[in-house]
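The values are calculated or read from the model by the stated rules, or taken from the named source; none is laboratory data. Worth saying up front: this structure is predicted, and the values here are computed from it rather than measured. Here the Cβ positions follow ideal geometry from the backbone for every residue, glycine too, while neighbour counts run over all protein chains shown. The protein model used for the area step is the full one, side chains on, heavy atoms only, and it has no ligands, DNA or RNA in it. Shrake-Rupley method; radii C 1.70, N 1.55, O 1.52, S 1.80 Å.
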Amino acid sequence: MKRLNNLYYSKRIKELLAELQTAGTTLVVAPMGYGKTLAVQYFLQEQERCGKKVLRQSIYGAGAEAFWQGVCHSWQNTELGAALLQQSLPADANAKTLVLELFRQLLPQEPVYWFIDDLHLLESSEVIDFLFALSKAGFADLHLLLVSRGQIFDGNRLLELGRKVFCLDKHDLALQRDELAEYSSRCGLQLTTQQLDALHEACEGWFSVTYLNFLNYDRYQRFCLDTGSVYEMIANVLLRPLPSEQQRLLLLMGQPEEFTPEQVAYAYGTSCRESVGRLLECNAFIIRLANGRLRCHHMLKQATRHAFGLLPEAEQQMYFRRLGQWYAQHERVRGSVGLAVPRP
């Protein structure tokens, strides 16, 4: 089957994404597996090709302090970033006024697209209050792109923002019946009308489950239409068919929040450059980040961490020690960008 490096984008979805170019704040809210992050990344890559300034921030924990460190990291090497380092996340009206004034005075005099991903992982009302205040301020050259699995602003705040906010949800991102047919054709699958109807009805346009079904059909000539067992589908389609070495490597890729091929090879302990390369080439659930590192999609991460937890305790500890040794040797333990390794 032909592997597409990015999601399939129909004319309809491309037109929706084009709206992000002028929106002050865009909220992309949908459950896991609907391609929220990849859709925004697709849009941002287009902006970068046009010379626009793009900032990316991922949320890896629930703390407000970690969020503010991420804000300062996003704006580093700018006058605004230097000023924000002297502040903390604003917790009251006066502090918000001060920080908003810094944005007004020090924002670059060019369009800036600031992408903040995985906001559902936050447990801080202060962060949401700050993002709402920033959205309401409506700075002409600042475009906020906020992505979450759950609601970001409540109904009253959405009404207050009015045309300053553009919203995309799972219905916008879901594949429609004709889009499913075109995407399957692009992947080299010759499906009957009945097969397409059954797949669309079962998956309801849920992109990741559709893609897993394509892989399953390519390998076994059948679909798995029980979408309630998505993690089992990942295990059956992406993990179990792999040779033993590649299985272990994929499990290791799912442990850090971000990783590099060199780190995974070091943790595995033997020369495996070709195996790592093959995994990265054929797995659409591994995302390349702007900082050059890689990250497993949440669905793959959950599945690999579950499988990793079934390994013997001594083997788990061995791999964790090697991952930690790699961080120490390369001095790249930076909590603000989510390089922590989970403990079993």
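Values for this structure:
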{"quantity": "Selection count, segment 21-37, where residues are polar (S, T, N, Q) and either surrounded by 19 or more Cβ atoms within 10 Å (Cβ to Cβ) or under 12 Å from the mean Cα position of the chain (by Cα) (or both)", "calculated": "3"}
{"quantity": "Residue satisfying condition, being over 16 Å from K11 (Cα atoms) and either in contact (Cβ under 8 Å) with a residue 60 or more places away in the chain or in a helix (DSSP H, G or I) (or both), within set L191, L199", "calculated": "L199"}
{"quantity": "Qualifying residue in segment 156-164 (condition: within 15 Å of S58 (Cα to Cα), in contact with a strand residue (DSSP E or B) (Cβ under 7 Å, 6 or more places away or on another chain) and not charged (D, E, K, R))", "calculated": "no"}
{"quantity": "Count of segment 62-106 residues which are crowded, with 18+ Cβ neighbours inside 10 Å and in a loop (DSSP other than H, G, I, E, B)", "calculated": "3"}
{"quantity": "Residue count for segment 130-156, restricted to those that are more than 22 Å from G70 (Cβ to Cβ) and open to solvent by 50 Å² or more (accessible area, probe 1.4 Å)", "calculated": "3"}
{"quantity": "Among the residues listed as L238, L323, the single one being at negative phi, open to solvent by less than 10 Å² (accessible area, probe 1.4 Å), in a helix (DSSP H, G or I) and not β-branched (V, I, T)", "calculated": "L323"}
{"quantity": "Candidate set: segment 143-188, residues that are among the aliphatic types (A, V, I, L, M), farther than 13 Å from L131 by Cα and not in a helix (DSSP H, G or I); chosen: the one modelled with the highest pLDDT", "calculated": "L168"}
{"quantity": "Candidates Q47, Q57, filtered to the one that is touching a strand residue (DSSP E or B) at 6+ places or on another chain (Cβ under 6 Å) and either part of a strand (DSSP E or B) or among the basic types (K, R) (or both)", "calculated": "Q57"}
{"quantity": "Residue within segment 243-250 that is touching a helix residue (DSSP H, G or I) at 6+ places or on another chain (Cβ under 7 Å), of a type outside the set (K, R), touching a residue at least 40 places away in the same chain (Cβ under 8 Å) and within 27 Å of I59 (Cβ to Cβ) present", "calculated": "yes"}
